[in-house]
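Quick notes on the structure that follows.
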Ligand code: FES
């Protein structure tokens, strides 16, 4: 993205929020929706246009788990590592995904297809181990089962 495009993306979102400094979280959320993640150039541009120190923008962007400073895959995989899922074998499912995709948790595949993360309890403990891909909930997951589930995603 060129510097001009960066400026325009940020300006567009700021205009919507009236450049209200108290809405920094909402502004970053909208920028992330526009671009898919929050590259450091965007954080710098946001700080500049808002008149907010970049260090403050950066600390907000790194504080909230919903924000990503690196490019994410088209499909976000969340493996539940809550107690119920853990005792039902979530670790083995997670390890199988890491092995299949050749990434560790917190990482994105090189082809930008998947990002792998973990969560703690999604409220479906009886169906554990739970793996959530995008908006799809996959319950009673096994290392073998997850391999075929991953193939359903393009
Ligand atoms: S512990 Fe996984 S859904 Fe509750």
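The values are calculated or read from the model by the stated rules, or taken from the named source; none is laboratory data. Just so it is clear, the model here is predicted, and its values are computed rather than measured. Heads up, the Cβs are rebuilt from the backbone with ideal geometry, glycines too, and the neighbour counts pull from every protein chain shown.
Remarks
- Beta carbons closer than 8 Å, at least 6 apart along the sequence or on distinct chains, pair a first residue in segment 106-122 that is touching a residue at least 24 places away in the same chain (Cβ under 8 Å) and under 17 Å from residue 82 (Cβ atoms) with a second that is away from the ligand (no atom under 16 Å from the Cβ) and part of a loop (DSSP other than H, G, I, E, B) for 116/103; 116/104; 116/106; 116/107; 117/106.
- Residues (under 18 Å from residue 154 (Cβ atoms), within 12 Å of the ligand (Cβ to nearest atom) and without any contact (Cβ under 8 Å) to a residue 40 or more places away in the chain) located in segment 123-142: 138
- Unmet requirement for residue 145, which otherwise passes all of (1) away from the ligand (no atom under 11 Å from the Cβ); (2) within 19 Å of the chain's Cα centre (by Cα): (2)
- Filtered residue count, segment 1-15, keeping only those that are touching a helix residue (DSSP H, G or I) at 6+ places or on another chain (Cβ under 9 Å) and exposed (fewer than 13 other Cβ atoms within 10 Å of the Cβ): 3
- Only one entry of 130, 141 meets the criterion of being under 11 Å from residue 77 (Cα atoms) and at pLDDT 95 or above, and that entry is 130.
- For residue 111: the one exception among (1) within 16 Å of the ligand (Cβ to nearest atom); (2) assigned to a loop (DSSP other than H, G, I, E, B); (3) loosely packed, with under 14 Cβ neighbours inside 10 Å: (1)
- The single residue among 27, 97, 77, 103 that is away from the ligand (no atom under 16 Å from the Cβ), more than 21 Å from residue 8 (Cα to Cα) and surrounded by 15 or more Cβ atoms within 10 Å (Cβ to Cβ) turns out to be 103.
- Qualifying helices (runs of 4 or more DSSP H) (wholly inside segment 1-87; at least 1 residues being more than 17 Å from residue 108 (Cβ to Cβ) and modelled with pLDDT under 95): 3-17, 24-35, 40-50, 54-63
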